[in-house]
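The values are calculated or read from the model by the stated rules, or taken from the named source; none is laboratory data. Computed from a prediction, not measured in an experiment: that's the story for all the values here. Backbone-built Cβ (ideal geometry, glycine too); neighbour counts: all protein chains shown. Side chains included, ligands, DNA and RNA excluded: accessible areas come from the protein's heavy atoms. Shrake-Rupley method; radii C 1.70, N 1.55, O 1.52, S 1.80 Å.
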Amino acid sequence: MAKIIVVTSGKGGVGKTTTSAAIGTGLALNGFKTVVIDFDVGLRNLDLIMGCERRVVYDFVNVIKEEATLNQALIKDKRTDNLFILPASQTRDKDALTQEGVEKVLDELSETFDYIICDSPAGIEKGAQMALYFADVAIVTTNPEVSSVRDSDRILGILQSKSRRAENGDSPVEEHLLLTRYNPTRVEDGEMLSVADVEDILAIPLLGVIPESEAVLKASNAGVPVILDTEADAGQAYDDAVQRLLGKELEHRFLQVPKKGFFQRILGGR
């Protein structure tokens, strides 16, 4: 039986799709058969981040409406074994996602996959609620900004009251905090919330802190999940997050301002 993980946030532009691609790739690299589903009907960005946009023939809505089979719609990643993508539709309305249809697709995927990653749209509209309703695990993705954190707090309320687990009285959705675009220099200057500030507000376990990095934009533009850039801080931070998700205890990195080297101190560089 697959574990269903939703990557969610209250605010747009915080890096959910980048996170879904990275976490899905990381789980597959660790030997788990993984599928990443794009729930953002009408926009569809996951296939761009994963570099498979030209291979999309059928999509999630086609499968729900029985216009295509799962085997026809699933795209196998060319770089990583065990990794598959189920793209969203660009031409349909979000109402095309029905609870019965989504449940049927998830049940079918659960028969052959270890992990199902649901890349949720931002906010609390239908696509987002559908993505989080069936979740076993939630990765709440937020930037270290007051508005982003406040909106994520609202998402936690929905997870705790409107998920299938909550409705059935089962054990609650396992919640994790992923802090993205973190810049310790800006934190020191009082321009960003610190990790401790965000933890105090949301009060859920910290899965990872992803540093602000040009590598993320570069990877997105190239259609390559940033976790595959093992030289970049952001790639390493996502790999750490995957290991923690799998139960490994690791210290959090990239939380401090990097110390200046000798020549930087002499020349006065930051």
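Worth pointing out:
- Volume of the Cα convex hull of segment 153-223, divided per residue and given in Å³: 122 Å³
- Where the chain is the region considered: accessible area per residue in Å², 1.4 Å probe: 47 Å²
- Against the empirical 2.2 N^0.38 Å (N residues), segment 203-253 has a Cα radius of gyration ratio of 1.17.
- Residue-wise HN-Hα couplings along segment 147-152, as the Karplus relation 6.51 cos²θ - 1.76 cosθ + 1.60 with θ = phi - 60° gives them from phi, are 5, 5, 5, 4, 5, 5 Hz; Gly and Pro carry x.
- Carbon + sulfur, % of accessible area of segment 1-133 - ligands and nucleic acids excluded, 1.4 Å: 45 percent
- Normalised by the number of residues in segment 1-52, the average gap of Cα pairs under 8 Å and 6 or more apart makes the relative contact order 29 percent.
- Checking every one of the GluC sites (Glu not before Pro) in segment 121-189 against DSSP loop status and a limit of 13 other Cβ atoms within 10 Å picks out GLU125.
- Sorting TYR133, TYR58 on solvent-accessible area from highest to lowest, probe radius 1.4 Å, gives TYR58, TYR133.
- Only protein heavy atoms count here; under a 1.4 Å probe, LEU250 has an accessible surface of about 60 Å².
- Extending 7 Å from the Cα toward the beta-carbon at both GLU53 and SER161 defines two label points whose distance is 3.8 nm.
- Rg/Rh (Cα only; Kirkwood hydrodynamic radius) as it applies to segment 101-200: 1.05
- Taken as Cα centroids, segment 1-76 and segment 138-191 sit 21 Å apart, rounded to the nearest whole angstrom.
- Positive-end extreme of charge dipole, the chain - chosen from SER220, ALA203, VAL6 (charges on Cβ): SER220
- Measuring nothing but how far apart in sequence close Cα pairs (under 8 Å, 6+ apart) lie, relative to its length, segment 63-146 scores a relative contact order of 21 percent.
- For the pair THR69 and ASN221 in one chain, pulling the backbone fully straight at 0.36 nm per residue adds 51.7 nm over the alpha carbon distance.
- Remark: relative contact order (the chain) = 23 percent; criterion is Cα-Cα distance under 8 angstrom and separation of 6 or more residues.
- Per-residue [θ]222 nm for the chain (sum of -39500 (n - 2.57) over DSSP H runs n ≥ 4, rounded to 500): -11000 deg cm²/dmol
- Segment 1-121, dipole about Cα centre (Lys/Arg Cβ +1, Asp/Glu Cβ -1), debye to the nearest 20: 460 debye
- Total charge dipole magnitude, segment 189-261, about the Cα centre, Cβ charges on Lys, Arg, Asp, Glu only, Debye to nearest 20: 220 debye
- Whichever lysines have a C-alpha closer than 19 Å to that of LYS3, once near sequence neighbours (fewer than 8 apart) are set aside: LYS16, LYS33, LYS104, LYS162, LYS248
- Inter-site label distance for THR91 and GLU103 at 7 Å from Cα along Cβ, in nm: 3.0 nm
- Gyration tensor (alpha-carbon) shape descriptor, segment 40-140, a/c threshold 1.5: rounded
- Computed with a 1.4 Å probe over protein heavy atoms only, the accessible area of LEU202 comes to about 10 Å².
- Of the trypsin sites (Lys or Arg not before Pro) found in segment 145-227, no site is in coil according to DSSP while having at most 16 other Cβ atoms within 10 Å of its Cβ.
- Taken about its Cα centre, the chain carries a charge dipole of roughly 620 debye when the Cβ of each Lys and Arg holds +1 and the Cβ of each Asp and Glu holds -1.
- Alpha carbon Rg of the chain, scaled by the compact-globule rule 2.2 N^0.38 Å: 1.00
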